[in-house]
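K.L.:
Take this structure, written in C-alpha cells, and hold onto it; I'll ask about it next.
The values are calculated or read from the model by the stated rules, or taken from the named source; none is laboratory data. Keep in mind the model is a prediction, meaning the values are calculated, not measured. Cβ atoms come from the backbone with ideal geometry, glycine included; neighbour counts cover every protein chain shown.
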Amino acid sequence: MTAKQFLELKERRRGGQAAQPAAAAQPKKARKKAPPAHPGPPSTPPAPAVEPLLAGLSGPGRSWTLLMPYVEEMLTSNQRLHHMAVHRVRKRLRADAAGVAAAKRLPHLQRAAIFYVLHPRKLSRKRDPGNWAPTAKHYVDGLVTDGGLLPDDNHEFLMGPIPIMGAPVESGFARMSLVIVELKGPLNSGNAGTVTEMAG
C-alpha cells in the first residue's frame, strides 16, 4: 500500500473526504452605528424659580434671568473632544453670553452670585448639572470678560457659577439659563455655606 492509498483509506474511515486547504478568513465588516435620533426643534423651558435662590443669599439685590441662545453643542466634563472642537464651542458660548449681556443692557456690578440652571432633555436617566460646568464657565467668561458685568471673575467679585437643575425642555437639545444676583455686601463664608447646601 502506498502512502497515498493509506491516507485515502484513513480519510474514508473518518467519514470525510481529503483535506481541503482552509479558506482565507473573510475580514469582518465593521458595523456602522446608527446616528442618534434628532431630538426635534428647539423649545423654550419654563423660567427657573428665583425666590429660593435669593433666600439662600445674604444681602441680595437686583436679579436677572437669562435664557442662553439655543446651541446643539455644549461642553461637559464627560466629553472627549479634539482641542480645536473645544475651542470652537468655547468661542461660540462666550460670544453668545456677551451678546445676551449687551441685548439685556446688564449694568456693571461690583459683586454677584451666578447660578447656572440646566434644562435637560426629557430622558429617563438621572442628570448631574455639575457636569455642565465647562459650559457655564465659558458663559460667565463671556459675561464678565467680554460683557463687562464684573471687574473680574475671581472670588472677590463672583460667587459661582453654582449648578442648579431646572425643568426639562419639551424638545430639542438641553438648554441653560443663568440667574445673576447682585450682592450688596462682601462675599463671605455665610453666603458660600448656604449656597453649597442649595447646590447639593
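K.L.:
Leu75 - would you say it is of a type outside the set (S, T, N, Q), surrounded by 15 or more Cβ atoms within 10 Å (Cβ to Cβ), modelled with pLDDT under 90 and within 27 Å of Ile180 (Cβ to Cβ)? Break it down stepwise before answering.
P.N.:
Numbers: of a type outside the set (S, T, N, Q): yes; surrounded by 15 or more Cβ atoms within 10 Å (Cβ to Cβ): yes; modelled with pLDDT under 90: yes; within 27 Å of Ile180 (Cβ to Cβ): yes.
Spelling it out, Leu75 is indeed of a type outside the set (S, T, N, Q), surrounded by 15 or more Cβ atoms within 10 Å (Cβ to Cβ), modelled with pLDDT under 90 and within 27 Å of Ile180 (Cβ to Cβ).
K.L.:
May I ask you to list the residues in region 122-159 that are acidic (Asp, Glu) and within 21 Å of Phe173 (Cα to Cα)? Give the steps one after another, and end with the answer.
P.N.:
The initial filter retains those residues of region 122-159 that are acidic (Asp, Glu), namely 128, 141, 146, 152-153, 156.
Correct list: Asp128 only.
K.L.:
Can you name the condition, by its number, that Pro168 falls short on among (1) at pLDDT 95 or above; (2) under 16 Å from Ala49 (Cβ atoms)?
P.N.:
Result: Pro168 fails condition (1) only.
K.L.:
Does Arg94 meet the test of being of a type in the set (Lys, Arg), under 27 Å from Gly56 (Cβ atoms) and buried (at least 17 other Cβ atoms within 10 Å of the Cβ)? Please lay out each step first, then the result.
P.N.:
Numbers: of a type in the set (Lys, Arg): yes; under 27 Å from Gly56 (Cβ atoms): no; buried (at least 17 other Cβ atoms within 10 Å of the Cβ): yes.
Criteria not met by Arg94.
K.L.:
A further question follows. Only one of these conditions is not met by Ala55: (1) modelled with pLDDT of 85 or more; (2) under 18 Å from the mean Cα position of the chain (by Cα). Which number is it?
P.N.:
Condition (2) is where Ala55 drops out.
K.L.:
Could you give every pair whose Cβ atoms fall below 6 Å, whose first residue belongs to region 63-84 and is part of a strand (DSSP E or B), and whose second residue is surrounded by fewer than 16 Cβ atoms within 10 Å (Cβ to Cβ), counting only separations of at least 6 or pairs across chains?
P.N.:
Thr65/Ala47
K.L.:
So for region 141-151 (the condition being farther than 17 Å from Ser77 by Cα, surrounded by fewer than 19 Cβ atoms within 10 Å (Cβ to Cβ) and of a type in the set (Val, Ile, Thr)), does at least one residue qualify?
P.N.:
Among the residues of region 141-151, at least one is farther than 17 Å from Ser77 by Cα, surrounded by fewer than 19 Cβ atoms within 10 Å (Cβ to Cβ) and of a type in the set (Val, Ile, Thr), which makes the answer yes.
K.L.:
Would you be able to say whether some residue in region 85-92 is touching a Ser or Thr at 6+ places or on another chain (Cβ under 6 Å) and not in a loop (DSSP other than H, G, I, E, B)? Write out each step before concluding.
P.N.:
Restricting attention to region 85-92, the residues satisfying the condition of being touching a Ser or Thr at 6+ places or on another chain (Cβ under 6 Å) are none.
Scanning region 85-92, I find no residue that is touching a Ser or Thr at 6+ places or on another chain (Cβ under 6 Å) and not in a loop (DSSP other than H, G, I, E, B), so the answer is no.
K.L.:
Is it the case that region 103-119 has a residue that's touching a residue at least 12 places away in the same chain (Cβ under 8 Å) and over 23 Å from Leu54 (Cα atoms)?
P.N.:
Within region 103-119, not a single residue is touching a residue at least 12 places away in the same chain (Cβ under 8 Å) and over 23 Å from Leu54 (Cα atoms).
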